[in-house]
Ligand code: PGA
């Protein structure tokens, strides 16, 4: 899978223009991977309509940790699903850091997404100090145990994981292919311990963090890197298309 994460970028009009451009670029090709674009809530319904009949799927970047009710400004998983979106990014490091989303909150979001037929793209990853202290493995293990390893195997089969080292996000500092492979293989071994080898082998584990048209092929060539979650480079259709082609 190659999934874009627009973050808080693009007006509705600019988002429509970007999707039109991407659709045109993908028109005469059949991508070798699943293609997902993660957009702000306000774009979802329009973009979902625009990509009908194409290989492109749509993701929200977040959903509420409550089902419905008096939570001014929040958007529920059920509401996201009603737009035609199929995926929901949950636990992005920016949500964890700036909006104080704890493992318990993220666990609720994952459960609500699944209960409403959305497939979570669950993000994990260590900050720079943790990498420097060689704590990345224990950090991602705790993040998985805190929010998704409570799921049944049937539920977990709908979860895509995204390993995103926080020090690599938006910094131009990419994990080396060897660093990515090492931790992706570790994450897959954790999934195997919890759910068995077959489900682990079928789990999609994306890499995210300054992945671009130049470095994508080398990252995606690693056996345990099943694609990418792309921030900055998903905002330009030709760059995003080049990354899709690298998968
Ligand atoms: P980036 O962001 O590609 O701009 O580093 C990735 C992400 O945050 O998902």
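Data for the structure
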| quantity | calculated |
| --- | --- |
| Extent along principal axes [Cα atoms of the stretch 168-247; Å; largest to smallest] | 39, 21, 17 |
| Inter-label distance for residue 145 and residue 199, nm, one decimal - labels placed 7 Å from Cα along Cα-to-Cβ | 1.7 nm |
| For the stretch 203-247: span of alpha carbons on each principal axis (Å, largest first) | 27, 15, 15 |
| Along principal axes, Cα extents of the stretch 47-172, largest first, whole Å | 45, 33, 31 |
| Alpha-carbon centroids, the stretch 129-148 and the stretch 78-119: separation in whole Å | 20 Å |
| Translational diffusion coefficient (Stokes-Einstein; Kirkwood radius from C-alpha pairs) of the chain at 10 °C, 1.306 mPa s, in µm²/s | 89 µm²/s |
| Choice from 224, 201, 65 showing the highest fluctuation, given a GNM over the chain with Cα pairs closer than 10 Å | 201 |
| Whole-Å semi-axes of the ellipsoid equivalent to the stretch 13-56 (Cα gyration tensor, √5λ, descending) | 18, 11, 9 |
| Choice from 225, 19, 110 with maximal GNM fluctuation in the chain (Cα, 10 Å cutoff) | 19 |
| For the chain, calculated [θ]222 nm from helices alone, where every DSSP H run of n ≥ 4 adds -39500 (n - 2.57) | -12500 deg cm²/dmol |
| Global form of the stretch 53-111, assessed from the alpha-carbon gyration tensor, a/c cut-off 1.5 | oblate |
| Cα-based Rg / Dmax (Å) for the stretch 81-140 | 13.5, 44 |
| Label-point separation, residue 173 to residue 218 (7 Å along Cα→Cβ), nm | 1.7 nm |
| Taking the stretch 114-214 and dividing mean pair separation by its residue count, relative contact order in percent (alpha carbons under 8 Å, at least six apart) | 33 percent |
| Residue-span extension gain [residue 20 to residue 115] - 0.36 nm each, minus C-alpha spacing | 31.1 nm |
| Percent of Cα pairs exceeding the 21 Å cut-off, where the set is the stretch 10-86 | 31 percent |
| Cα centroid separation - the stretch 1-43 against the stretch 158-192, whole Å | 23 Å |
| Computed over the stretch 29-113: relative contact order in percent, which uses C-alpha pairs under 8 Å that are six or more apart | 30 percent |
| Gaussian network model of the chain, springs between alpha carbon atoms under 10 Å - residue of 70, 200, 162 with greatest fluctuation | 70 |
| Whole-number percent relative contact order across the stretch 8-167, with pairs defined as alpha carbons under 8 Å at least 6 apart | 18 percent |
| More than 21 angstrom apart: percent of Cα pairs within the stretch 107-213 | 34 percent |
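Computed from the coordinates by the stated procedures, all read-outs in this text should not be read as laboratory data. A quick note: this is a predicted structure, and the numbers were derived from the prediction, not measured. A quick note on method: Cβ atoms are made from the backbone with ideal geometry, for glycine too, and the neighbour counts reach across all protein chains shown.
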